[in-house]
1. Quick one: in segment 111-127, of everything that is open to solvent by 100 Å² or more (accessible area, probe 1.4 Å) and more than 23 Å from the chain's Cα centre (by Cα), which residue is farthest from Ala75 (Cα to Cα)?
2. Can you report the number of residues in segment 126-143 which are small (Gly, Ala, Ser) and part of a helix (DSSP H, G or I)?
3. Only one of these is without any contact (Cβ under 8 Å) to a residue 12 or more places away in the chain and in contact with a Cys (Cβ under 7 Å, 6 or more places away or on another chain): Gly114, Gly97. Name it.
4. Working only within segment 105-153, note down all residues that are of a type in the set (Val, Ile, Thr) and under 17 Å from Thr17 (Cβ atoms).
5. Only residues that are outside any loop (DSSP other than H, G, I, E, B) and either crowded, with 18+ Cβ neighbours inside 10 Å or touching a strand residue (DSSP E or B) at 6+ places or on another chain (Cβ under 8 Å) (or both): list them for segment 49-63, please.
6. Restricting to segment 91-129, what's the tally of residues that are aromatic (Phe, Trp, Tyr) and farther than 20 Å from Lys151 by Cβ?
7. Out of (1) under 30 Å from Asn45 (Cβ atoms); (2) of a type in the set (Asp, Glu); (3) in contact (Cβ under 8 Å) with a residue 12 or more places away in the chain, what's the single condition that is false for Asp109?
Amino acid sequence: RYTVDPEKVSKYHDIETGITAVTLSSASNKRNREWTIGVSSGEKNDVKLSWNLSWDPNGTGADIKADFHGDGILASQSNINKSSGAAVAASFLLKPGERKEIPFVFAWDFPQGGSDAETRCFRPYIKHLGGGGGHSLQLALEALTEDKYKKWEEKVQSWQNPILRSKQYPLWLK
């Protein structure tokens, strides 16, 4: 668990693209840790996007469940404190037999790994984004724009499938 820096919590909403996202940054951000959750309604006008930055992740979850339960919409509130959690939701009605795909992404930017000064290292992806952190919203928006997440998912599956299908590796490793 990370303590949230209330000054570095933000919400993003773009009516044109239909994307809603929330970004949280660690209060002990010596390593520039940040994460974003986002959802896109795209061109679907019948999808209602909502968000909440004020629920207690150390509790039972009853507060966020109560917020969402009645109508499937979050209260879009942001009474942020150091233990705030974040949520986004997409709400819509389906007719019998109807299907709808709503992209949801979780992106993070943790540019430094390791547990202490001796093992600390920068992750290879910083070659593309830089090592200063603060890129999780950029990654989430890139994934949700033009359905790029589908291409990324295909690449990850093609990279993982040889190991997942191999009998050479035990199940616990897969």
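The values are calculated or read from the model by the stated rules, or taken from the named source; none is laboratory data. Nothing here was measured: the structure is a model prediction, and the numbers come from that model. For neighbour counting, all protein chains shown are included, and Cβ atoms are generated from backbone atoms with ideal geometry for every residue, glycine included. Side chains included, ligands, DNA and RNA excluded: accessible areas come from the protein's heavy atoms. Shrake-Rupley method; radii C 1.70, N 1.55, O 1.52, S 1.80 Å.
1. Out of the qualifying residues, it is Glu118.
2. 3
3. After applying the criteria, what remains is Gly114.
4. Listed by number, the residues that qualify are Val105, Thr145.
5. Leu49, Ser50, Trp51, Asn52, Leu53, Ser54, Trp55, Asp63
6. First, pick out the residues of segment 91-129 that are aromatic (Phe, Trp, Tyr): 92, 104, 106, 108, 110, 122, 125.
Checking which are farther than 20 Å from Lys151 by Cβ leaves us with 92, 110, 122.
Selection size over segment 91-129: 3.
7. Against the list (1) under 30 Å from Asn45 (Cβ atoms); (2) of a type in the set (Asp, Glu); (3) in contact (Cβ under 8 Å) with a residue 12 or more places away in the chain, Asp109 comes up short only on (1).
Quick grid of which residues meet (1) in contact (Cβ under 8 Å) with a residue 60 or more places away in the chain; (2) at negative phi; (3) open to solvent by 90 Å² or more (accessible area, probe 1.4 Å):
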{"residue": "Gly133", "(1), (2), (3)": "yes, no, no"}
{"residue": "Ser136", "(1), (2), (3)": "yes, yes, no"}
{"residue": "Leu141", "(1), (2), (3)": "yes, yes, no"}
{"residue": "Tyr149", "(1), (2), (3)": "no, yes, no"}
{"residue": "Trp152", "(1), (2), (3)": "no, yes, yes"}
{"residue": "Lys155", "(1), (2), (3)": "no, yes, yes"}
{"residue": "Pro162", "(1), (2), (3)": "no, yes, no"}
{"residue": "Gln168", "(1), (2), (3)": "no, yes, yes"}
